[in-house]
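Colleague: Structure incoming, see below.
Coordinate-derived values only; no laboratory data. Being a predicted model, the structure only gives us computed values, none of them experimental. Using ideal geometry, Cβ is built from the backbone for each residue, glycine included, and neighbour counts are taken over all protein chains shown.
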Amino acid sequence: MKKNWFYKLLIVLLPLIGGGIIALFLNFDFYATLTKPPLAPPRILFPIAWSILYLLMGITFLAIKEKKDATLQNLFLIQLFVNYLWPIVFFLLESLLGAFIIIVLLDVLVLIWIIDLSRKERLQAYLQIPYFLWLLFATYLNFSLLLLN
């Protein structure tokens, strides 16, 4: 029984753990050097928002894993990989254009994932709406940073 509980907790925390590991290797000072758009939030908001969103993703991943829906699981893993790729391109490679291309791709992948979720797991789709809205805001920020810098 304990093993099952630990396994479920690990699945829920998987996106957060992955995001945290990637964050250890990033150059956040790069962001500080950029000219920011009018709606840019303070830096402290980003880790708070992403922690919440990663936990919501993990809850949804556990639900679709238990349903054994390979399509939803694959869509989740693909969008998570692209999600992890964005900060590497933005903060480590310092490529605003590359990051913008990736985040637009991520927007599309997450929208497809949410649409598919809404057909099979409506509650889980609702849990991902904040993620999608945050991504749209992040897309605005990335595009604005690209134009301003």
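Colleague: Please report the relative contact order for the chain, taking Cα pairs under 8 Å with a sequence separation of at least 6, and give it as a percent rounded to a whole number.
Modeller: For the chain, the relative contact order is 31 percent.
Colleague: Please identify the longest segment of the chain free of exposed chymotrypsin sites (Phe, Trp or Tyr not before Pro), where exposed means a DSSP state other than H, G, I, E or B and no more than 15 other Cβ atoms within 10 Å.
Modeller: 29-149
Colleague: What are the extents of the Cα atoms of the chain along their three principal axes, in Å, largest first?
Modeller: 51, 31, 22
Colleague: Kindly provide the helix-only [θ] at 222 nm of the chain, computed as the sum of -39,500 (n - 2.57) over DSSP H runs of four or more divided by all residues, to the nearest 500 deg cm²/dmol?
Modeller: Estimated from H runs of four or more residues: -26000 deg cm²/dmol.
Colleague: Let me ask another. Roughly how many nanometres apart are two label points built 7 Å out from the Cα toward the Cβ at Ser51 and Leu147?
Modeller: 3.3 nm
Colleague: For the chain: lysine pairs with Cα atoms under 20 Å, gap of 8 or more or different chains, count?
Modeller: Going through the chain pair by pair, I get 10.
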